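Heads up, the thing below is written out as structure tokens.
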């Protein structure tokens with residue numbers, strides 16, 4: 001039977017078990033939207049195309065499935081670029097469908113034409129321009145396969161208007177594509193090397209990253225650490241891949257990591273790095289990173305190996321398969337850590353923890369942002385799905401919300417995209433309507449995609465925005481305070497809307513707290529509401545994120561903050 | 001680390017923008033392409049790209065890994081340290097004058113180059129060889145009045161798989 005391109009698209013999405021599309025209509029996708037109108041597809045109308053991509057991204061990070069968006073050509077397509085680059089840096093599987101002018105007009109500078117495959121080539125895992133109707137079904141299937149296979153990533157599919165109006169035969173059973181799955185070859189010799197390294201090591205440390213969450217390997221990683229009593233630190237993207245409440249957990253490493261995690265990295269003699277890419281925010285100066293350690297690096301992407309840090313033993317493969325193999329190998333060879341040695345190492349770490357625990361100066365008069373996050377953690381039992389914006393709000397969340405489960409901390413790690421948190425929370429809440437979903441935001445970031453409050457209100461997507469409002473671009477201000485002699489160049493955001501009134505104008509509940517003793521009640525009230533809520537917390541204006549590794553320093557050289565914080 | 005020239009042979013699916021992807025990946029990450037040759041193989045949907053680049057072994061390994069990530073790249077092979085044949089070709093147009101006709105003929109005969117077109121005012125010579133031979137030829141012809149040249153990138157073929 002002959003079907004139109006628009007019909008094939010929706011049928012192909014059904015084949016991929018897509019249950020939600022985040023999108024925004026326009027001229028080049030009118031036919032597709034007409035087809036959507038006749039279908040039962042769940043479509044969320046965002047208020048800006050960047051919001052559509054972040055929402056699909058949040059959905060993907062929380063569920064582990066491919067997020068899908070649909071936008072029009074030209075500006076609709078270019079508005080997706082920041083969202084796509086965000087997903088690309090964090091290896092998040094997305095398929096972004098963009099409308100395109102008819103093939104006959106491509107290259108003519110037609111109305112709302114742009115070369116979106118050219119623009120997004122460096123920030124997608126792959127992209128396609130569908131040149132004729134015969135390629136359509138295969139391209140869609142391949143796009144989904146590429147997005148989720150191997151090291152995942154965003155894939156863009158550009159759909160010219162005339163191709164979508166054309167007709168061809170469609171039978172999903174006949175759609176054949178190339179396989180892009182990464183092949184994992186078990187390497188018993190390498191496992192033997194790891195065993196040997198573990199047996200020699202006095203001070204082993206596990207460093208877990210986003211690849212453990214993407215590879216669904218949190219369980220295996222947790223078992224490895226607990227079974228052999230190896231302490232664990234994690235990157236921003238790895239938070240939740242090992243329980244934050246476990247005594248073996250040292251918190252995040254790197255620029256705003258804990259003192260004890262960074263000291264453990266700097267003093268360990270074996271570093272098992274799993275699903276990480278040794279970003280500069282994590283390593284500090286490269287030549288002083290883990291200077292005494294042999295490094296084992298497990299990653300699915302060969303291009304991550306020896307990219308930033310030279311490692312002693314690379315193991316290329318899916319984190320779940322590799323960790324399962326390692327666990328089995330260690331068990332078969334009856335590996336047992338030397339318990340006295342291990343105890344000595346854990347005691348050494350405990351001393352660092354005691355010297356500089358993660359803390360902040362409490363204050364009875366002014367709300368401390370860290371206090372809001374800790375209270376939120378307590379009230380939700382740590383069970384909420386948390387998104388963040390970027391900056392201080394993100395770092396305090398990473399530090400103070402002890403994530404126990406994978407896929408529960410949704411943040412833009414690699415690209416550091418302000419404006420990510422609110423639309424991402426909308427995507428997460430669409431996937432988990434019964435879970436508490438909270439965007440921990442700053443007053444700068446929230447204004448970058450605040451229009452999405454309208455989306456939340458329209459569909460009653462009950463996300464909760466916890467706004468840590470300090471009237472500054474806080475993280476940039478912090479750097480200006482520390483490194484630019486307090487010249488606060490264009491970081492004062494005091495001129496801002498009344499966020500409570502703004503929320504109400506959007507049809508979202510708006511609440512405000514200005515005193516520490518109001519924080520808990522306000523959070524309880526906001527969390528209990530069955531509708532989207534924005535909670536405006538007026539927090540201390542010039543709070544800094546500590547501890548901190550200054551740029552260009554070794555991660556063993558941490559600024560711990562004020563004297564009161566240390567004691 | 002020691003920098004040296006590397007010859008990288010890449011098999012790719014013959015898609016419209018595959019060359020843009022490869023050039024973009026290398027350019028975007030700050031690597032140089034020194035020369036490039038592209039054409040189809042005996043299978044019309046597969047093309048072979050031979051490129052030369054320079055850098056330390058670690059840099060070249062990074063380049064290979066980045067290329068390998070591209071969906072349309074089938075395989076990446078560093079031919080630098082394996083037995084392989086290397087050839088370039090150059091077309092040279094010389095202005096013909098009363099003074100250089102004999103000298104050009106002597107140079108062509110002595111080196112077994114090929115005159116592929118000869119007119120009243122010019123002569124076009126085709127020369128193939130490895131990089132050293134081409135460099136030698138250009139140096140040899142330069143004093144005779146080279147008007148224009150087109151030099152291909154390097155092509156290379158492994159002696160065995």
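Derivation of every value follows stated rules applied to the coordinates shown; laboratory data play no part. Given the structure is predicted, the values throughout are model-derived calculations rather than measurements. When we count neighbours, we look across all protein chains shown, and the Cβ atoms used for this are built from the backbone with ideal geometry, even at glycine.
Cut-off is 10 Å between beta-carbons; in what order do A:126, A:334 appear when sorted fewest neighbours first? Don't skip to the answer; put the middle values down first.
Numbers: A:126 22, A:334 6.
Fewest to most other Cβ atoms nearby, the residues stand as A:334, A:126.
Residues of A:292-305, mean number of Cβ from any other protein chain within 10 Å of their own Cβ, rounded to a whole number?
On the way: counts 0, 0, 0, 0, 0, 0, 0, 0, 0, 3, 7, 10, 2, 3.
Taking the mean over all residues of the peptide, I get 2.
What number, in percent, do you get for the relative contact order of chain B if the mean sequence gap of Cα pairs under 8 Å and at least 6 apart is divided by its residue count? List each step's numbers first, then the result.
Numbers: 286 pairs, mean separation 45.7, N = 161.
Taking the mean separation of contacting Cα pairs over the length of chain B, I get 28 percent.
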Original post:
If you count, for each residue, the other Cβ atoms within 10 Å and average over each peptide, how do A:16-28, A:277-289, A:391-403, A:225-237 line up from highest to lowest?
Top reply: A:391-403, A:225-237, A:16-28, A:277-289
Subject >> the stretch A:90-117 and the stretch A:282-299: distance between their alpha carbon centers, rounded to Å >> reply: 41 Å
Original post:
What is the distance in Å between the Cα centres of the stretch A:1-71 and the stretch B:108-137?
Top reply: 60 Å
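Could you tell me which of rounded, prolate or oblate describes chain A, using a ≥ b ≥ c as the square roots of the eigenvalues of the alpha-carbon gyration tensor, with rounded for a/c under 1.5 and, failing that, prolate when a/b is larger than b/c and oblate otherwise?
Here chain A falls in the oblate category.
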Original post:
What ranking of A:205, A:45, A:224, A:198 emerges when the number of other C-beta atoms within 10 Å of each C-beta is taken as an exposure proxy, fewest first?
Top reply: A:45, A:198, A:224, A:205
Original post:
Relative to the longest principal Cα axis of chain B, at what angle does helix B:57-69 sit, 0 to 90 degrees, rounded to 10?
Top reply: 70 degrees
**OP:** Find how many whole Å separate the alpha carbon centroid of the stretch B:51-70 from the alpha carbon centroid of the stretch A:206-245.
**Re:** 31 Å
**OP:** Measure off 7 Å from each Cα along the Cα-to-Cβ vector at residue B:161 and residue A:334, then give the distance between these two points in nanometres to one decimal.
**Re:** 4.7 nm
Subject >> Rounded to 10°, Cα long-axis angle of helix B:131-141 versus longest principal axis of chain B >> reply: 30 degrees
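Of B:72, A:34, A:318, A:109, how do they rank once you tally other Cβ atoms within 10 Å and put the fewest first?
Values: B:72 17, A:34 12, A:318 23, A:109 9.
Placing the least packed residue first, the sequence is A:109, A:34, B:72, A:318.
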**OP:** Take peptide B:64-71, look around each residue's Cβ out to 10 angstrom, count Cβ atoms belonging to other protein chains, and average those counts.
**Re:** 5
**OP:** Have a look at B:91, B:36, B:117 and tell me which one the Gaussian network model of chain B (Cα, springs below 10 Å) gives the largest fluctuation.
**Re:** B:117
Original post:
Quick one: helix B:18-28 against the long Cα principal axis of chain B, what's the angle to the nearest 10°, folded into 0 to 90?
Top reply: 80 degrees
Subject >> residue B:102 versus residue A:109: modelled label distance in nm, points set 7 Å from Cα along the beta carbon direction >> reply: 5.9 nm
